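J.: First, the structure itself, so that you have it in front of you.
Values quoted throughout were computed directly from the atomic coordinates according to the rules given, and no laboratory measurement underlies them. If you're wondering where the values come from, they're calculated on a predicted model, not measured in any experiment. When we count neighbours, we look across all protein chains shown, and the Cβ atoms used for this are built from the backbone with ideal geometry, even at glycine.
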Amino acid sequence: LAEGPLKGRHILVTSGPTHEPIDPVRYIANRSSGQQGTALAAALRDLGARVSFVTGPATTPPPPGVAVIRVESARDMLAAVEAALPADAAIFTAAVADWRVANAAGQKMKKQAGKPLPVLEFAENPDILATISRHAQRPGLVVGFAAETENVIEHAQAKRARKGCDWIVANDVSPATGIMGGAENAVHLITEDSVEDWPRLPKAEVARRLAQRIAKDLT
Ligand code: C5P
């Protein structure tokens, strides 16, 4: 472990998409690459933290020097996060699927001539950030992310209160910003009583600044 202000601290980071099974060979997913969570885990590691990195099936490989816990579905992710507690801080960058398939099949669904087409039914997934924010073993600092396309600050402030977390890192992902899938990010750090507008920066630099803010809060 690196020397640094986070030495001796345990920090949990969720990252990537989740996969929600339809049957043993098919799933529903989203386009999250895991870039932001991976950069953040690396930045926290560089400040000396022991990092538990709970990741869905992301295209970005996990960083070296962190404990990687691989999961598939939202429910798996919640179980892995709870199993990794206690932690000094938890940062939720994962793009968790809002819904899972309620009528997932135990065997591969077969295409059969003349048979009706399958109909998928959905059930709501647990909200991991909200669950951990109200958990008996709640980490001292809980941080969520919010991707919005309008009224970014107002929506993120409401989300912070609703989820019960300490901070929300909010960004505008309107197509014109080029932020979604791009190399840069422009975020607002929203706390209970403040809003900080950060400049547009490379995503790795946003991660480094956020790690420094977390270190300042924990020490
Ligand atoms: O409600 P929304 O999906 O916009 O909230 C985003 C934040 O909540 C992110 O930090 C995300 O990781 C977290 N989240 C979660 N579990 C869910 C949905 C979102 O932890 N089921």
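J.: Please list the helices of the chain that count as membrane-span-like by this rule: a mean Kyte-Doolittle hydropathy of at least -1.0 together with Cα atoms stretching 18 Å or more along the helix axis, each helix being a complete DSSP H run. Walk me through the numbers on the way to the answer.
T.: Details: long enough: 203-218 (22 Å, -0.52).
For the chain, where a helix must reach 18 Å along its axis and average at least -1.0, the hits are 203-218.
J.: Also: Given the rule -39500 (n - 2.57) for each run of at least 4 DSSP H residues, summed and divided by the residues of the chain, what is its mean residue ellipticity at 222 nm, to the nearest 500 deg cm²/dmol? Working shown, then result.
T.: Values: 5 runs with 57 residues, N = 219.
Roughly -8000 deg cm²/dmol at 222 nm, from the helical runs in the chain.
J.: What's the FRET efficiency of Gln212 with Ala79 using the Cβ-Cβ distance as r and R₀ = 35 Å, to the nearest 0.05? Intermediate results must be reported in sequence, preceding the final value.
T.: Details: r = 31 Å, r/R0 = 0.89.
Given R0 = 35 Å and the Cβ-Cβ separation, E is 0.65.
J.: Is the range 140-185 rounded, prolate or oblate when judged by the Cα gyration tensor, a ≥ b ≥ c being the square roots of its eigenvalues, rounded requiring a/c under 1.5 and prolate requiring a/b larger than b/c? Don't skip to the answer; put the middle values down first.
T.: Numbers: a/c = 3.89, a/b = 1.75, b/c = 2.23.
Oblate is the answer for the range 140-185, as a/c is 1.5 or above yet b/c matches or exceeds a/b.
J.: Which shape class, rounded, prolate or oblate, goes with the range 103-178 when its Cα gyration tensor gives a ≥ b ≥ c as root eigenvalues, a/c under 1.5 marks rounded, and past that a/b bigger than b/c marks prolate? The partial results should precede the final answer.
T.: Numbers: a/c = 3.89, a/b = 1.75, b/c = 2.22.
The shape class here is oblate.
J.: Ok, one more. As an exercise, identify the GluC sites (Glu not before Pro) in the range 158-218 lying in DSSP coil whose Cβ has no more than 13 other Cβ atoms within 10 Å.
T.: Details: sites: Glu184, Glu192, Glu196, Glu205; in loops: Glu192.
Taking the range 158-218 and a limit of 13 other Cβ atoms within 10 Å, the loop GluC sites (Glu not before Pro) found are Glu192.
J.: Roughly how many nanometres apart are two label points built 7 Å out from the Cα toward the Cβ at Glu3 and Ser174?
T.: Simple spin-label model gives 4.8 nm for this pair.
J.: Among the DSSP beta bridges whose two residues both lie in the chain, what percent are antiparallel, rounded to the nearest 5? Could you put the intermediate results ahead of the total?
T.: Values: 15 of 40 bridges.
Looking only at bridges with both residues in the chain, the antiparallel portion is about 40 percent.
J.: What are the residues whose amide H is under 5 Å from the amide H of Ala146, where those residues sit 5 or more places off or on another chain and H is modelled from the backbone?
T.: Val169, Ala170, Asn171
J.: Report the FRET efficiency, 1/(1 + (r/R0)^6), for Arg134 and Asp193, where r is their Cβ-Cβ distance and R0 is 25 Å, rounded to 0.05.
T.: Working: r = 21 Å, r/R0 = 0.82.
So, using R0 = 25 Å, E works out to roughly 0.75.
J.: Apply the Kirkwood formula to the chain: the hydrodynamic radius equals the inverse of the mean of 1/r over all pairs of different alpha-carbon atoms; give it in Å with one decimal.
T.: Numbers: mean 1/r = 0.0551 Å⁻¹.
Result for the chain stands at 18.1 Å.
J.: Within the range 2-64, report the trypsin sites (Lys or Arg not before Pro) that DSSP leaves as loop and that have at most 11 other Cβ atoms within 10 Å.
T.: Values: sites: Lys7, Arg9, Arg26, Arg31, Arg45, Arg50; in loops: Lys7, Arg9, Arg31.
Those that pass, being in a loop and sparsely packed, are Arg31.
J.: Could I ask something else about it? Per residue Cα convex hull volume for the range 18-123, in cubic angstrom? Intermediate values should be presented prior to the final figure.
T.: On the way: hull volume 11.6 nm³, N = 106.
Taking only Cα atoms, the range 18-123 has a hull volume of 110 Å³ per residue.
J.: Oh, and also: Roughly how big is the range 42-125's charge dipole about its Cα centre, with Cβ charges of +1 (Lys, Arg) and -1 (Asp, Glu), in debye to the nearest 20?
T.: Details: 9 positive and 8 negative charges, 112 e Å.
Here the range 42-125 has a charge dipole of around 540 debye.
J.: Along the charge dipole of the chain, which of Ala136, Ala90, Ile22 sits closest to the positive end, that is, farthest toward it, with unit charges on the beta carbon of Lys, Arg, Asp and Glu (+1, +1, -1, -1)?
T.: Ile22
J.: Let me ask something additional. Within 10 Å, count the other beta carbons around each residue, average over each peptide in 92-98, 66-72, 110-116, and list them highest first. Spell out each step's value before the answer.
T.: Numbers: 92-98: 22.6, 66-72: 16.9, 110-116: 6.6.
Put in order of decreasing packing, that is 92-98, 66-72, 110-116.
J.: When the Karplus curve 6.51 cos²θ - 1.76 cosθ + 1.60 is applied with θ = phi - 60°, which whole-Hz ³J(HN,Hα) does each residue of the range 4-12 get, with x for Gly and Pro?
T.: x, x, 9, 4, x, 9, 10, 10, 9
J.: Moving on to the next point. Quick one: Karplus J couplings for the range 127-133, per residue in order, coefficients 6.51, -1.76, 1.60, θ = phi - 60°, nearest Hz, x for Gly and Pro?
T.: 8, 5, 4, 5, 5, 6, 5
J.: What is the antiparallel percent of DSSP beta bridges lying wholly in the range 143-192, to the nearest 5? Walk me through the numbers before you get to the answer.
T.: Values: 4 of 10 bridges.
Among the beta bridges of the range 143-192, antiparallel pairing accounts for roughly 40 percent.
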